[in-house]
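In what follows, a structure is listed as structure tokens, so that the remarks can point back to it.
The values are calculated or read from the model by the stated rules, or taken from the named source; none is laboratory data. All values reported here derive from a predicted model rather than from experimental measurement. Here the Cβ positions follow ideal geometry from the backbone for every residue, glycine too, while neighbour counts run over all protein chains shown.
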Amino acid sequence: MFASCADPSSLEGLGWLMCYLTSGKHMLFYSSIGIVLLLLLITAPIALAFGFGGAVAARSHFLPLRWFGKAYTSMVRGVPDIIFFLFVPIAMDQGFEWLRHKVKCSDWDQPVWQGNDFVVCPAAKLPLSTSPQWIHETYGFFLAVLAFSIVFGAFAANVIHGAMNAVPRAQMETAEAYGMSHRQAFRRILVPQMWIYALPGLSNLWMILIKATPLLFLLGIRDIVYWARELGGSKTSHFDYPHPDWRLYYFLALLVFYLLMTSVSERVLRRITARLSHGQATLGGEQQRKAAR
Amino acid sequence: MKKLLTAAALLALTAGLSQAQTIRMGTEGAYPPYNFINDAGEVDGFERELGDELCKRAELTCEWVTNEWDSIIPNLVSGNYDTIIAGMSITDERDKVIDFTQNYIPPAASAYAALSADADLKGGVVAAQTATIQAGYVAESGATLLEYPTPDETVAAVRNGEADAVFADKDFLAPIVAESGGELVWAGQDVQIGGGIGVGVRESDTELKATFDKAIQSMKDDGSLNAMIKKWFGEDALVF
């Protein structure tokens, strides 16, 4: 980065540290923080959508749809996250490739399973083996987002389902008395009111999601945990910046990073809670009403 | 066999027609000097230099990817990359799942490193990386095996006293022992295990295996492989 860093072995003290902390590898470490934030920003809304869909399905009057909603929540919630994270990306990847294989290479005469090997025709590979590395990485990231969304969507579905049931029956009765149809009452009364009941559960999920991001590392994505371990390991003179085992300091930095993330989210969530309590028939809403008087 | 050959030839033909092949080279990136991530964040080491030279000779375009050691074989088999070039010794167990090219490093010694030369290697606790030939050897030696996912952690375990000794490829441990300032020393005798290190490929990839075999042979024949081994592992390293 700096011109003075060209020969690290001649540096000492602060100058060495400056160069060390701005090496190409450290830059990748810093940018991996962005990967974690990106994962959170993409996954949260998708998981919320999955959760909403799952909750609506579980409440549906149409039996197969209700089965689907219930099966989704109980199945995903009953399996350890880590197994799901290992299973979903591999299964999805092979599933996608198999489908593409069926469509694109119908004249392929060899079996897809050859002993241990999963072999599809080159045109069906996902991503194509000729595509550059960043496409492979994006694809891996996409699979990770999908796995996270499915798992956290199931938890969110359960929370939202509970929140929908928590909306006082009197509210729905009033809506019916006004002559609203089922759909209208759902859209105008139930959904706007349920958020305050769902929020404690959802904010919990958000915290768990933040803390679950190191699972990315399991999926082969080079996130901050990967880089912290890689950078912290002791380095011999094959490297430009030899140093002993520094994993402790790197993991300490991770600890601070995650604490920072959760404390900021806690503050934001508190504001959202206050905002949503406004005018609600809950304890929080009641307190707001009294304070305003 | 004949059917396989025609299929391979057909594959070669179609692949050659459509595009110049890109081969994804899978490595661990945590085993200096064999392979490691250098300070610029790129794969570096003996195997990087070797792999690039092999690809040049075979006229392939190669791309480097890293993968955890633990899942390096399953991910090769499921097609995430096309070769394993990660200091992997050729063993019968691995040969059942994947195929190896001829070795590019002759069967080299494994060694114990410990805090003192008289560490208990037969009854004590010995650290080794998971799913390596060294781990298998320790398990059979009577010592208590302590497994770690990365090579670096096996050395750290000895340093902080969790293990009495670490057992690994001598070429990996040599620079660590030399630079530890006397903290780590060799213990016991060197052990000869494994059949040398080769490039791992899928069993169905017979064509790729032949290509790499040919390239490795040509490097053996003109002596450039020996020169490269000496460059990375020192003048005393075993050569062909």
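Go through B:VAL199, B:VAL185 for me and flag whichever is assigned by TED's automatic domain parsing to the domain that holds B:VAL77 and either of a type in the set (A, V, I, L, M, F, W, C) or within 18 Å of A:ASP117 (Cβ to Cβ) (or both).
One residue alone meets the criteria, B:VAL199.
For beta carbons closer than 8 Å, sequence separation of 6+ or different chains, a first residue in segment A:158-178 that is among the β-branched types (Val, Ile, Thr) and a second that is not in a helix (DSSP H, G or I), there are no qualifying pairs. Residues in segment B:191-210 that are among the hydrophobic types (A, V, I, L, M, F, W, C) and within 16 Å of the chain's Cα centre (by Cα) were compared, and the one that is farthest from the other protein chains (Cβ to nearest Cβ) is B:ILE193. Criterion applied to B:LEU50, B:LEU76 was being in contact with a strand residue (DSSP E or B) (Cβ under 7 Å, 6 or more places away or on another chain), more than 12 Å from chain A (Cβ to nearest Cβ) and in a helix (DSSP H, G or I), and the one residue passing it is B:LEU50.
Among the conditions (1) modelled with pLDDT of 85 or more; (2) farther than 21 Å from A:CYS19 by Cβ; (3) touching a Phe, Trp or Tyr at 6+ places or on another chain (Cβ under 9 Å), the only one that A:VAL256 does not satisfy is (3). Of all residues in segment B:87-138, exactly one satisfies the criterion of being among the aliphatic types (A, V, I, L, M), within 14 Å of the chain's Cα centre (by Cα) and in a helix (DSSP H, G or I), namely B:ILE133.
Only residues that are under 16 Å from the mean Cα position of the chain (by Cα) and in a loop (DSSP other than H, G, I, E, B) were counted in segment B:142-162, giving 2.
Scan the helices (runs of 4 or more DSSP H) fully inside segment A:82-199 and keep the ones with 1 or more residues being within 12 Å of another protein chain (Cβ to nearest Cβ), closer than 30 Å to A:ILE35 by Cα and modelled with pLDDT of 85 or more.
Working: elements: A:133-166, A:169-177, A:182-185.
Answer list for segment A:82-199: A:133-166.
The residues of segment A:146-198 that are over 25 Å from A:ALA274 (Cα atoms), crowded, with 17+ Cβ neighbours inside 10 Å and β-branched (Val, Ile, Thr), listed by number, are A:ILE150, A:VAL151. Taking segment A:219-244 as the range and being crowded, with 22+ Cβ neighbours inside 10 Å and at the interface with another protein chain (Cβ under 7 Å from one of its Cβ atoms) as the test, the residues that pass are A:GLU230, A:GLY233.
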